[in-house]
Amino acid sequence: FACMGPIFAALEATLGIVAARALAPDEIRDVLVEGYQRTLDYADPDPTSPEGARTSLPYCVAAAIVLRDRHAFLGEAFEEERIADQRIRRLMPRIRTALEPEFDRLYPFHAAKARVTITTASGERLVREVDRDALPFYHRPTYTDIADKFRVVATPSLGPDRVARLVAMADELEK
């Protein structure tokens, strides 16, 4: 993702929740993100620039709920019009953070965890815990992981045909 590393686990947890259950932002009463201290250091509640959005846990979590697309966090989520998106803006004040002492004890040598709990207006609680360090594509991405990311990032500027040729050329170099 094109945001700060300590936000990744919370972002992965949020994306996991919204992949499993369609949620309208208006049906969410509360979002609690529990993490290690470095995660909480990025709790800017009101980013106004792309740089600010990349370092704001509330913004990234709200954008994940609204956009429901992990590839958006390679660039699109941090564009000016997204930062001003009122669906994201209205959701941000409902996102809280809390220190989870066990996660803090494990970071940085043993784990980089976050737990996200989304409570809906009806009282339903959706919980997901993620350890960023346990996800192989963060530390050992496959060729496919890298090629897919390149396609998402490069296609808007280079076009799909040129990107396909570049991926094929890189594949040949690998072989």
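For the chain, set up a GNM with springs between Cα atoms under 10 Å and report which of Val163, Val33, Val116 has the largest fluctuation.
Between Val163, Val33, Val116, it is Val163 that shows the largest mean-square fluctuation.
Using the membrane-span-like helix rule (whole DSSP H runs, Cα extent along the own axis of at least 30 Å, mean Kyte-Doolittle hydropathy at least -0.5), which helices of the chain qualify?
Helices meeting the criterion: none.
Determine the dipole magnitude for the chain: charges of +1 sit on the beta-carbon of Lys and Arg, -1 on that of Asp and Glu, nothing else is charged, the reference point is the Cα centre, and the result goes in debye to the nearest 20.
Its charge dipole is roughly 220 debye.
Order Asp171, Asp26, most accessible first, counting only protein heavy atoms with a 1.4 angstrom probe.
Asp26, Asp171
If I model a spin label as a point 7 Å beyond the Cα along the Cα-Cβ vector, how far apart are those points for Ala19 and Lys149 in nm?
Output for this residue pair reads 1.6 nm.
Just want the answer: with Cβ charges of +1 for Lys and Arg and -1 for Asp and Glu, which residue in Leu106, Ser122, Thr155 is farthest toward the dipole's positive end in region 57-175?
Positive-end residue among those listed: Ser122.
Which one of Pro58, Leu91, Pro136 is farthest out on the positive end of the charge dipole of region 47-175, using unit charges on Cβ (Lys, Arg +1; Asp, Glu -1) and the Cα centre as origin?
Checking the options against the dipole of region 47-175, the answer is Leu91.
Determine which residues of region 112-126 fall in the zone a paramagnetic label at Asp26 would reach in this model, i.e. backbone nitrogen under 19 Å from the point 7 Å along Cα→Cβ.
119-124
Could you check how much of the accessible area of region 104-169 is carbon and sulfur, as a whole percent, using a 1.4 Å probe?
57 percent
Under a 1.4 Å probe, what is the accessible area of region 74-121 per residue, stated in Å²?
Computed with neighbouring chains in place, this is 53 Å² per residue.
Between Arg165 and Ala2, what is the FRET efficiency for a Förster distance of 22 Å, r being their Cβ-Cβ separation, to the nearest 0.05?
E(calc), rounded to 0.05, equals 0.35.
The values are calculated or read from the model by the stated rules, or taken from the named source; none is laboratory data. It should be emphasised that the depicted structure is a prediction, and the values quoted were computed from it without experimental measurement. Cβ sites come from the backbone with ideal geometry, for glycine too, and all protein chains shown count toward neighbours. Accessible surface areas use protein heavy atoms only, side chains included; no ligands, DNA or RNA. Shrake-Rupley method; radii C 1.70, N 1.55, O 1.52, S 1.80 Å.
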